[in-house]
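Heads up: the structure comes next, in structure tokens.
The values are calculated or read from the model by the stated rules, or taken from the named source; none is laboratory data. Quick caveat: nothing in here was measured; it's all calculated off a predicted structure. Note: ideal-geometry Cβ built from the backbone for every residue, glycine included; neighbour counts use all protein chains shown. For the accessible areas, the whole protein counts, side chains as well, though only heavy atoms, and no ligand, DNA or RNA atoms are used. Shrake-Rupley method; radii C 1.70, N 1.55, O 1.52, S 1.80 Å.
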Amino acid sequence: MGTKRLYEIAFVGLKMGEHSFEYDLNTAFFTDKGAEGIEEIEANVKLTLEKNVGFMLLKFATGGKAAVNCDRCGNILKIDLWDEFNVVVKLTDNADEANEEEEDPDIFYIERNESHLDVSDWLYEFVMLSIPTQNVCGNDAAGHSLCNEEVLNKLKEMAANTEIVKENNIWKGLDKFKQN
Ligand SMILES: [Zn+2]
């Protein structure tokens, strides 16, 4: 089975009502789709599809773990993924036009004669949205930051050096001013 087919649901053959699907997604799935800044990811998404006449309700529950870098020191942080997303898929006669006009990002149109629904983009998007945009090491029991101090000191040193260079430039500027 091709990887594309793996994420296609042949909804036309499903009975009315709820159906459950589950997807295990590894790092390659995300990097293939262009994800950046992720060390490792093992995601699990449970999808509930409720089939109705003319439309389907999709509920995505994301889970699993990801390893990302601390924004301050670059330490690798393991984070738990946990979130829920809903999408309404409506069947219509002119899906492209309807999608262009639709302002609600949670409503998506497909052609009335479609038989398959590709959920791979939603799986990608929703897992990515489950990763916090800011990630920083926490504190230990005594309230001290768990950030890598060596790296933080190096960064401070570098910042201080930049300050010295800036100051030197200011003095040089003043010298010039005096000479005039
Ligand atoms: Zn850190």
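Brief remarks on what is shown
- A Förster radius of 45 Å, combined with the Cβ-Cβ distance separating ASN26 from VAL165, puts the computed FRET efficiency at roughly 0.50.
- Counting charges near SER145 (Lys, Arg +1; Asp, Glu -1) among other residues having Cβ under 14 Å from its Cβ returns a value of -2.
- The residues of the chain expose on average 69 square angstrom of accessible surface per residue, using a 1.4 Å probe on protein heavy atoms.
- Placing +1 on the Cβ of every Lys and Arg and -1 on the Cβ of every Asp and Glu, with nothing else charged, gives segment 30-158 a dipole about its Cα centre of roughly 700 debye.
- In a fully extended conformation the segment linking ASN139 and LYS65 would gain 24.6 nm over its present Cα-Cα distance, using 0.36 nm per residue.
- Surface composition of the chain: carbon plus sulfur atoms hold 50% of the accessible area, using a 1.4 angstrom probe and ignoring ligands, DNA and RNA.
- Value of [θ]222 nm, deg cm²/dmol, for the chain, DSSP H segments ≥ 4, -39500 (n - 2.57) each, nearest 500: -10000 deg cm²/dmol
- When only Cα pairs below 8 angstrom with a gap of at least 6 residues are kept, the chain shows a relative contact order of 19 percent.
- Net length gained if the chain between ASP96 and LYS15 were fully extended (0.36 nm per residue, minus Cα distance): 26.5 nm
- Under-16-angstrom lysine pairs by C-alpha in segment 40-180, whenever the two are 8 or more apart or on separate chains: 8
- Net charge, ILE79 excluded, C-beta distance under 14 Å - Lys, Arg +1, Asp, Glu -1: -4
- DSSP beta bridge pairing in the chain, given as percent antiparallel to the nearest 5: 90
- Computed over the Cα atoms of the chain, pair by distinct pair, the Kirkwood hydrodynamic radius stands at 20.3 angstrom.
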